[in-house]
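Structure, as structure tokens:
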Amino acid sequence: MKSTGIIRKVDDLGRIVLPIEMRRTLDIAERDELEIYMENDRVVLRKYEPACIFCASAKRLVTFHERNICRDCVKKLAEL
């Protein structure tokens, strides 16, 4: 993991500001969704990229019960 030397304080609402250089490097724009999770003792932020819950494809997605499924997997499920 590369250290940037940038330190930010958490405000009273639990927010931090991501530096513009990082947002540009990671192609994160205003209103983009970020996925937040923990890995061991670290908090990880990652740009949210929706994908099929079965095959991880990001193409031709439909939403069913708040889950993303690609049309190929929908077709395969219909065959069962």
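Taking only the C-alpha atoms of region 40-80, the Rg (one decimal) and the largest Cα-Cα distance, Dmax (whole number), read 13.2, 43 Å.
About its Cα centre, the dipole of the chain is roughly 240 debye, where the only charges are +1 on Lys and Arg Cβ and -1 on Asp and Glu Cβ.
Structural size metrics of the chain, computed from C-alpha coordinates, are Rg and Dmax of 17.4, 54 Å. Counting Lys and Arg as +1 and Asp and Glu as -1 over every other residue whose Cβ lies under 9 Å from the Cβ of residue 47, the net charge comes to -4. For region 8-16, putting each phi into the Karplus relation 6.51 cos²θ - 1.76 cosθ + 1.60 with θ = phi - 60° gives couplings of 10, 8, 7, 7, 5, 9, x, 9, 10 Hz, in residue order, rounded to whole numbers and with x for Gly and Pro. How many lysine pairs in the chain, separated by 8 or more positions in sequence or lying on different chains, have Cα atoms less than 24 Å apart? Lysine pair count for the chain: 5. Can you give the helix-only mean residue ellipticity at 222 nm for the chain, where every DSSP H stretch with n ≥ 4 adds -39500 (n - 2.57) and the sum goes over all residues, rounded to the nearest 500 deg cm²/dmol? So the calculated ellipticity at 222 nm is -4500 deg cm²/dmol.
FYI, it's all coordinate maths here, none of it is from the lab. Everything numeric in this text was worked out from a predicted model, so none of it was measured. Heads up, the Cβs are rebuilt from the backbone with ideal geometry, glycines too, and the neighbour counts pull from every protein chain shown.
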